Every structure is written in C-alpha cells, then in structure tokens.
1. With respect to the numbered conditions (1) in contact with a Lys or Arg (Cβ under 6 Å, 6 or more places away or on another chain); (2) free of Cβ contacts under 8 Å to residues at least 24 places away in the same chain, which one is the sole condition not fulfilled by Ile26?
2. Out of the residues in segment 20-43 that are charged (D, E, K, R) and surrounded by fewer than 14 Cβ atoms within 10 Å (Cβ to Cβ), which is farthest from Ala72 (Cα to Cα)?
3. Pairs needed: first member in segment 47-71, open to solvent by less than 90 Å² (accessible area, probe 1.4 Å); second member anywhere, part of a loop (DSSP other than H, G, I, E, B) and at pLDDT 90 or above; C-beta distance under 7 Å; at least 6 residues apart or different chains.
4. What residue, among those in segment 32-80 that are part of a helix (DSSP H, G or I) and among the β-branched types (Val, Ile, Thr), is nearest to the chain's Cα centre (by Cα)?
5. Take the residues in segment 10-19 that are open to solvent by less than 50 Å² (accessible area, probe 1.4 Å) and part of a strand (DSSP E or B), then tell me which one is nearest to Val73 (Cα to Cα).
Amino acid sequence: MASLLLGVDIGSKYTKVAVLEQGVKIRLVDGFLFPTPLKASNDGDKQVNPEIFLKQIDSFFPLAKLRRAKIAVNLPPMSI
C-alpha cells in the first residue's frame, strides 16, 4: 500500500499544499492553495486563524485522511 504524504507551506499571503503518494515512485496526487487566514493577536502580531485554516484544508483534503498521512509543514518567519 502506498504512503500518503502531505506538504504544507504556510506563507504570509498564501498557504500551499501538495498531496503526494509514495509507492515505488513518488507521485503528485493533488495540489492547491488558498489565502492564509490571518488574525491579529493581542500584541498586534498576525497569527494564523486555526479554525478557518482547518476548514480550508478540509475543503480540499478530508481531515479523516490526515490520520494516515505523513505531514511536513513550513512556517513563515512571522510565526517563529
């Protein structure tokens, strides 16, 4: 059975997602992007709104599939 890989790049403007399948070869299954849902924090910094973020991911890639996926995430400098 092939492994499911999910790459997520959370950018300051857009979040990019790549869905890959690893079998004998790695194959790109799907890819999508959406505006990164940001909100202001109490100290004025911008933070990712987790509720909207998860809804966006779920609209393209069902969250139930995340349980069997290996996930890599790249965070923007503003969140570190």
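The values are calculated or read from the model by the stated rules, or taken from the named source; none is laboratory data. Here the structure is a predicted model, which means the values were calculated and not measured. Don't worry about glycine lacking a Cβ; one is built from the backbone with ideal geometry, like all the others, and counts go over all protein chains shown. These accessible areas exclude ligands, DNA and RNA; they are computed on the full protein's heavy atoms, side chains included. Shrake-Rupley method; radii C 1.70, N 1.55, O 1.52, S 1.80 Å.
1. (1)
2. It comes out as Asp43.
3. Every condition considered, the pairs that remain are Val48/Thr36; Val48/Pro37; Asn49/Pro37; Ile52/Pro37; Phe53/Pro37; Gln56/Pro37.
4. Here the answer is Ile57.
5. Taking the candidates together, the pick is Ile10.
Yes/no matrix, rows are residues, columns are (1) of a type in the set (D, E, K, R); (2) at pLDDT below 95; (3) touching a strand residue (DSSP E or B) at 6+ places or on another chain (Cβ under 6 Å):
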| position | (1), (2), (3) |
| --- | --- |
| Leu5 | no, yes, yes |
| Gly11 | no, yes, no |
| Val19 | no, yes, yes |
| Gly23 | no, yes, no |
| Ile26 | no, yes, yes |
| Ser41 | no, yes, yes |
| Asp45 | yes, yes, no |
| Asn49 | no, yes, yes |
| Leu54 | no, yes, no |
